[in-house]
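The values are calculated or read from the model by the stated rules, or taken from the named source; none is laboratory data. It should be emphasised that the depicted structure is a prediction, and the values quoted were computed from it without experimental measurement. For neighbour counting, all protein chains shown are included, and Cβ atoms are generated from backbone atoms with ideal geometry for every residue, glycine included. Note: areas computed on protein heavy atoms with side chains; ligands, DNA, RNA excluded. Shrake-Rupley method; radii C 1.70, N 1.55, O 1.52, S 1.80 Å.
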Amino acid sequence: MSVAFTREEDLEATAADLPDRPISSHPNLVTPEGLAAMDAALAAARAAYAAAQAKGDIEADRTAMARATRDLRYWSARRASAQLIEPTEPDGRVRFGGGATIERDDGRVETWRIVGEDEADPKAGTVSHVSPLARALIGREVGDEISINGQAAEITAVD
């Protein structure tokens, strides 16, 4: 059947059956900033859920209700399992919540901060503590060499 002949109700029913967002099996470590962002996401999910319920005609917009319910389940579970890691005094080693600057063999210099999975944003210079890069960095210090995807890099600064 052509998509042109698909009933709108069928599309809504499909959208209403949104799968749950996957929840990582790794410990849910978060920085103070990550916990605040998680609280904000949970509040937004609660507001979206309340707004979807307040419309009264859930059947008319099952997609909004399904999305709100899914997000509320996800953020509730993530908030319940969050393990806040407070910043510690620098000891010269790369740690969760801290950062490192590396120089790759090709001359690129990059600075990364290690954060929780939900707060990671490589474009902003943050990587998840379970990423290969973070695993290579944690516990290392200035002058140590690490291997990232088969390429060598040297840690030039730790903060």
So in region 91-108, with the set limited to residues that are assigned to a strand (DSSP E or B) and either β-branched (Val, Ile, Thr) or touching a Leu at 6+ places or on another chain (Cβ under 6 Å) (or both), which one is most open to solvent (accessible area, probe 1.4 Å)? Thr101
Tell me whether region 13-25 contains one or more residues that are modelled with pLDDT of 95 or more and assigned to a helix (DSSP H, G or I). no
Working only within region 148-159, note down all residues that are assigned to a loop (DSSP other than H, G, I, E, B), in contact (Cβ under 8 Å) with a residue 12 or more places away in the chain and not acidic (Asp, Glu). Asn149
Where a residue in region 17-35 is touching a residue at least 60 places away in the same chain (Cβ under 8 Å) and its partner, wherever it lies, is in a strand (DSSP E or B) and open to solvent by less than 50 Å² (accessible area, probe 1.4 Å), with Cβ under 6 Å and at least six apart: Thr31/Val115; Gly34/Val115
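Which of the residues belonging to region 117-147 are outside any loop (DSSP other than H, G, I, E, B) and of a type in the set (A, V, I, L, M)?
Here is the first cut: in region 117-147, the residues outside any loop (DSSP other than H, G, I, E, B) are 117-119, 121-124, 126-128, 132-137, 141, 145-147.
Of everything in region 117-147, those that are outside any loop (DSSP other than H, G, I, E, B) and of a type in the set (A, V, I, L, M) turn out to be Ala124, Val127, Leu133, Ala134, Ala136, Leu137, Ile146.
Select, from Thr88, Thr111, Thr69, the only residue that is modelled with pLDDT under 95 and surrounded by fewer than 13 Cβ atoms within 10 Å (Cβ to Cβ). Before you say what the answer is, go through the steps one by one.
On the way: Thr111 fails: modelled with pLDDT under 95; Thr69 fails: surrounded by fewer than 13 Cβ atoms within 10 Å (Cβ to Cβ).
The conditions single out Thr88.
Scan region 61-71 and give yes if some residue there is part of a strand (DSSP E or B), touching a helix residue (DSSP H, G or I) at 6+ places or on another chain (Cβ under 6 Å) and touching a residue at least 12 places away in the same chain (Cβ under 8 Å), otherwise no.
Going residue by residue through region 61-71, those that are part of a strand (DSSP E or B) are none.
No.
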